1. Can you list residue pairs whose Cβ atoms sit under 8 Å apart, with the first residue in the range 237-260 being under 24 Å from residue 223 (Cβ atoms) and the second being surrounded by 12 or more Cβ atoms within 10 Å (Cβ to Cβ) and of a type in the set (A, V, I, L, M)? Count only pairs 6 or more apart in sequence or on different chains.
2. Which residue out of 69, 27, 33, 118 is modelled with pLDDT of 90 or more and within 28 Å of the chain's Cα centre (by Cα)?
3. Kindly indicate the residue of the range 148-205 that is in a helix (DSSP H, G or I) and hydroxyl-bearing (Ser, Thr, Tyr) and also farthest from residue 134 (Cα to Cα) among those meeting that condition.
4. Of the residues in the range 227-258, how many are surrounded by 13 or more Cβ atoms within 10 Å (Cβ to Cβ) and among the charged types (D, E, K, R)?
5. Working only within the range 189-223, note down all residues that are among the acidic types (Asp, Glu) and under 15 Å from residue 139 (Cβ atoms).
6. Kindly indicate whether residue 176 is of a type in the set (A, V, I, L, M), within 19 Å of the chain's Cα centre (by Cα) and not assigned by TED's automatic domain parsing to the domain that holds residue 313.
7. May I ask you to say which residue of 132, 109 is more than 23 Å from residue 63 (Cα to Cα), within 14 Å of the chain's Cα centre (by Cα) and surrounded by 12 or more Cβ atoms within 10 Å (Cβ to Cβ)?
8. Would you mind finding the one in 216, 222, 207, 212 that is farther than 30 Å from residue 278 by Cβ, surrounded by fewer than 11 Cβ atoms within 10 Å (Cβ to Cβ) and among the aliphatic types (A, V, I, L, M)?
Amino acid sequence: MNATTAGATAPDQGRIVLLTTSHRVAPGLLSWPAWQALRTADRVVCADGAHPQLPYLREAGIRVEETAPTAEELVDDCAGGRTAVVVATGEGDPALTDGLARLAGSGRVPMPDLELLPASYDLPGARLLDLVQVMDRIRLECPWSSQRTHEGLAKYAIEEAYELVEAIEDGDRDELREELGDVLLQVVFHARIAEEDPDAPFSVDDVAGTIVDKLVHRHPHVFGDETADTPEEVRAHWLRTKAAEKQRTSVTEGVPLGQPGLALAAKLHSRVRTAGLDVPLPAGEGIGYDLLALAARAESEGTDPEAALRAAARTYRDAIRAVEG
């Protein structure tokens with residue numbers, strides 16, 4: 001995008017190109033307009049001698065000066081129709097850009113064309129790389145984080161999951177974004193700890209690879225030759241492939257018994273109903289059996305009993321606050 005400044009622009013004042021790159025993209029993978037600008041420039045400068053792009057630019061035959069010219073010097077250098085490309089550092093070049101803005105705003109200096117040229121763009125999910133790098137540093141340098149174990153972090157995973165559910169039920173978008181980040185942190189943290197296991201190490205890439213393989217395998221209607229036109233058909237595909245993967249001897253396998261009671265009861269009933277088993281609810285005295293029957297009924301009607309009870313409890317909480325004034 002070419003943005004000529006408000007200052008007086010003469011045809012022979014040349015051009016300054018500020019070339020920006022993303023550290024999340026492999027060095028050397030620049031856009032074609034970026035390579036054109038670099039190859040046709042009369043001067044290429046970079047203030048950071050350790051910039052990751054420099055070895056690749058030089059390998060391509062681009063002469064790069066490791067210097068930080070002032071705005072005045074760069075403007076003077078472009079006189080006569082010359083082009084200067086500034087390879088921006090990771091922190092940007094505020095002294096240069098502020099200086100150029102000051103000169104342009106003065107209206108007294110004939111200015112070259114100023115162009116901001118993104119040479120590489122982040123792909124979706126690129127900031128996950130930042131999270132992995134930050135987590136790696138925290139694990140190495142933070143006295144608290146460096147001592148954490150899977151067992152010690154387990155309770156936080158549960159807490160963060162509940163806080164995420166609460167944000168969803170509240171409909172708070174900002175809170176939802178934050179809580180999703182907290183849940184994601186648990187995944188990255190556990191994966192970072194797992195890298196240090198001497199017997200069976202794995203990394204966050206292994207975690208991501210496993211779930212990618214699982215998703216592809218369980219969606220043959222998306223990645224394969226099967227078809228599914230309704231949510232029910234999708235669910236049938238999912239259950240068939242999951243059953244083939246797990247080779248379970250009981251429908252109760254894989255149901256975590258540590259989850260909340262209503263959710264546990266509903267999950268067991270869902271497994272029984274999906275498998276077409278005829279298993280009567282156990283008869284017994286006490287509130288536990290009453291709750292089991294209610295959870296099974298809710299699941300049969302397509303209602304999440306945990307969510308329903310939470311909604312009722314929130315209404316009860318509001319009523320309490322109203323009485324309290």
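1. As it stands, the answer is 237/228, since those pairs meet every condition given.
2. Details: 69 fails: within 28 Å of the chain's Cα centre (by Cα); 27 fails: modelled with pLDDT of 90 or more; 33 fails: within 28 Å of the chain's Cα centre (by Cα).
Of the residues listed, the single one that is modelled with pLDDT of 90 or more and within 28 Å of the chain's Cα centre (by Cα) is 118.
3. Initially, the range 148-205 is screened for residues in a helix (DSSP H, G or I), giving 150-170, 173-194, 204-205.
If we keep only those that are hydroxyl-bearing (Ser, Thr, Tyr) as well, we get 156, 162.
Values: 156: 19, 162: 25 Å.
Among those that are in a helix (DSSP H, G or I) and hydroxyl-bearing (Ser, Thr, Tyr), it is 162.
4. The first filter runs over the range 227-258 and keeps only residues surrounded by 13 or more Cβ atoms within 10 Å (Cβ to Cβ), leaving 228, 233-234, 236-242, 251, 255.
Adding the requirement that they be among the charged types (D, E, K, R) leaves 233, 240, 242.
Matching residues across the range 227-258 total 3.
5. We begin by selecting, within the range 189-223, every residue among the acidic types (Asp, Glu); these are 195-197, 199, 205-206, 213.
If the condition is that a residue be among the acidic types (Asp, Glu) and under 15 Å from residue 139 (Cβ atoms), then 195, 196, 197 are the ones that fit.
6. On the way: of a type in the set (A, V, I, L, M): yes; within 19 Å of the chain's Cα centre (by Cα): yes; not assigned by TED's automatic domain parsing to the domain that holds residue 313: yes.
Taking the combined requirement at face value, the residue satisfies it.
7. Values: 109 fails: within 14 Å of the chain's Cα centre (by Cα).
Only one candidate qualifies: 132.
8. Details: 216 fails: surrounded by fewer than 11 Cβ atoms within 10 Å (Cβ to Cβ); 222 fails: surrounded by fewer than 11 Cβ atoms within 10 Å (Cβ to Cβ); 207 fails: surrounded by fewer than 11 Cβ atoms within 10 Å (Cβ to Cβ).
Result of the check over 216, 222, 207, 212: 212.
The values are calculated or read from the model by the stated rules, or taken from the named source; none is laboratory data. Everything numeric here is computed off the predicted structure, so don't read it as measured data. As a convention, Cβ positions derive from the backbone with ideal geometry for all residues, glycine included, and neighbour counts pool all protein chains shown.
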